[in-house]
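Report on the structure given below.
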Amino acid sequence: MIKIRKSADRGRADHGWLRSHHTFSFGSYFDIAHQGHGNLLVINDDTIAPSKGFGTHGHRDMEIISYVLEGELAHKDSMGNGTAESANAGVVRPGDVQRMSAGTGVQHSEFNNLADRNTHFLQIWIKPKLTGIRPGYEQKHFTAEQKRGRLVLVASATGADGSVGMNADAAIEAGLFDGAESYSKTLDTARQTYVHLARGELTVNGLPLSGGDGALLDGEAELTLSGGRDAEVLVFDITRD
């Protein structure tokens, strides 16, 4: 079974400095039919105006992934990340994957680090495997060459293959596809797969997607990505419930 979630059907919010598209229910947007899948709870497609952003606010017991598509996202938190003395500069750029484990509680802010253009990024929330853990932060860069014509593991429960490690029974892969590039992989039918096309055009198991579209694969034994046109895609391996 494959269910398509069209970009135009997502929730929308326009705050002037922030334009958001919500794949799943979030904030003032509620859709009983779209409240996440398994332990994947949030995919927010956010565009932040120059020098604007989210002031300091708190999270608890959530795995939060930021994936920047364009621009720069400046992050600062109560763990010390984003400060001059920190090893983690806290600026997330295209190709970077940032993971923040909120655990027992963390305060942070996120701002467009650029004064002359928008920052476009995906904010992803995944239900943690364990609650009440010590908050944590990790950030790694994945090159376009690593993602070209294939999927590369960027986040996982164990930090395998150089991915960021998450406190979650989940994995995220990212890929870039264009022209004749094609990629297939076997899926675990006991789990679910969610494909989010961040931009471009791509065919998923023969079904065409455009930027912002998503596809839930449940009970499918294989995933095949092909027919890309400037496509950037994230693929989530998630629990069934």
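The values are calculated or read from the model by the stated rules, or taken from the named source; none is laboratory data. The shown structure was predicted, so the numbers you read here are calculated from the model rather than taken from an experiment. Positions of Cβ are backbone-derived with ideal geometry, glycine not excepted, and every protein chain shown enters the neighbour counts.
For Gly175, indicate whether it is closer than 22 Å to Gly211 by Cβ, of a type in the set (Gly, Ala, Ser) and either in contact with a Lys or Arg (Cβ under 8 Å, 6 or more places away or on another chain) or buried (at least 19 other Cβ atoms within 10 Å of the Cβ) (or both). The answer is yes for Gly175. Residues in the stretch 203-231 that are under 22 Å from Leu41 (Cβ atoms), in a strand (DSSP E or B) and among the charged types (D, E, K, R): Asp218 only.
Only one of the numbered conditions (1) in contact with a strand residue (DSSP E or B) (Cβ under 9 Å, 6 or more places away or on another chain); (2) closer than 21 Å to Ala160 by Cα; (3) modelled with pLDDT of 95 or more is not met by Leu130, and that is (1). Annotation note: of Ala221, Ala174, Ala180, the sole residue that is modelled with pLDDT of 95 or more and under 27 Å from Val91 (Cβ atoms) is Ala174.
The residue of the stretch 49-73 that is nearest to Ile238 (Cα to Cα), among those that are surrounded by fewer than 19 Cβ atoms within 10 Å (Cβ to Cβ) and of a type in the set (Ser, Thr, Tyr), is Thr56. The test for being at pLDDT below 95, of a type in the set (A, V, I, L, M, F, W, C) and buried (at least 18 other Cβ atoms within 10 Å of the Cβ) holds for Met79.
Within this structure, Ala157 fails the test of being surrounded by 14 or more Cβ atoms within 10 Å (Cβ to Cβ) and closer than 20 Å to Asn44 by Cβ.
Considering only residues in the stretch 8-48 that are in a loop (DSSP other than H, G, I, E, B) and crowded, with 16+ Cβ neighbours inside 10 Å, the one that is nearest to the chain's Cα centre (by Cα) turns out to be Thr23. So for the stretch 95-104 (the condition being modelled with pLDDT under 95, buried (at least 19 other Cβ atoms within 10 Å of the Cβ), touching an Asp or Glu at 6+ places or on another chain (Cβ under 8 Å) and not basic (Lys, Arg)), does at least one residue qualify? Checked against the condition, which is being modelled with pLDDT under 95, buried (at least 19 other Cβ atoms within 10 Å of the Cβ), touching an Asp or Glu at 6+ places or on another chain (Cβ under 8 Å) and not basic (Lys, Arg), the stretch 95-104 yields no hits at all. Mind listing whichever residues of the stretch 201-239 are surrounded by fewer than 18 Cβ atoms within 10 Å (Cβ to Cβ) and either aromatic (Phe, Trp, Tyr) or without any contact (Cβ under 8 Å) to a residue 40 or more places away in the chain (or both)? Scanning the stretch 201-239 gives Glu201, Thr203, Gly206, Pro208, Ala221, Glu222.
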